[in-house]
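Below is one structure, written out as structure tokens; the observations come after it.
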Amino acid sequence: MPASKPHCTAGLHHINAVFRVVMLSVMILCCAPVTLAQTQSTDHLTLRINVLGLKSNQGQVVAKLFLEGDDVFGPTRDRQIKAIVEKQASLTFSALKAGRYAVMVFHDLNSNNDIDHNFLRLPAEPLGYSNGFQLTLFSGLPDSHKLAFDVNASTSSIDIAVK
């Protein structure tokens, strides 16, 4: 009879190991849909840009979207163009992932899709920036760190004034 005691202990260890595997499997199956749902919801965010301060209906509004760390004078991640109606415009960026973004908006008075400059190479068309950045003599040039703001499930729109 004492010889069967180690066999019983081995049987209990086997049952304990099976129980652990079953419990781990149940925990994984229960948590996986929640994790997947959270991932999907943060991969398809929408951001609306409300453009304020437009002085006329002439031309169009162009918004350029960047990730924090991008060169705001380089290629954009996304670009939206919208006609101006009653001196108002709103543009929408869709299918965004949660993260830090920067936006530059300009009133494209001649609808050429570019920011025009005067003879001193200063912008000749009204500009606006995210994160409340204003281009002044002491602000330095805009960059994606100065313009950065968080896009997440609670961020649905921002206002940007052009000047």
- How would F119, F149 rank on accessible area, largest to smallest, probe 1.4 Å? F119, F149
- Note on the structure: Here the averaged projected area of region 71-163, based on the convex hull of its alpha-carbon atoms and given in nm², is 6.8 nm²
- Query: For a label point 7 angstrom out from the Cα of Q58 toward its Cβ, which stretches of region 110-133 have the backbone nitrogen within less than 20 Å?
  - Reply: 110-128
- Message: For region 51-117, what does the convex hull of the Cα positions come to per residue, in cubic angstrom?
- Response: 95 Å³
- Query: Leaving out same-chain residues fewer than 8 places away, which lysines sit with a Cα under 16 Å from that of K87?
  - Reply: K55, K163
- Task: Just grab the label-to-label distance for V85 and K163, each label 7 Å out from Cα along the Cβ direction, in nm (one decimal).
- Result: 2.9 nm
- Here Rg/Rh (Cα, Kirkwood) for region 114-160 equals 1.05
- Task: Note down the net charge around K55, summing +1 for each Lys or Arg and -1 for each Asp or Glu among other residues with Cβ under 14 Å from its Cβ.
- Result: -1
- Query: Translational D (Stokes-Einstein, µm²/s) of region 95-136 at 20 °C and 1.002 mPa s when Rh comes from the Kirkwood sum over C-alpha pairs?
  - Reply: 176 µm²/s
- Surrounding net charge for N110, when Lys and Arg each add one and Asp and Glu each subtract one, Cβ distance under 11 Å: -4
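The values are calculated or read from the model by the stated rules, or taken from the named source; none is laboratory data. This is a predicted model, so every value here is computed, not measured. Glycine also receives a Cβ, built like all others from the backbone with ideal geometry; neighbour counts cover every protein chain displayed. All accessible areas refer to the heavy atoms of the entire protein, side chains included, with ligands and DNA or RNA removed. Shrake-Rupley method; radii C 1.70, N 1.55, O 1.52, S 1.80 Å.
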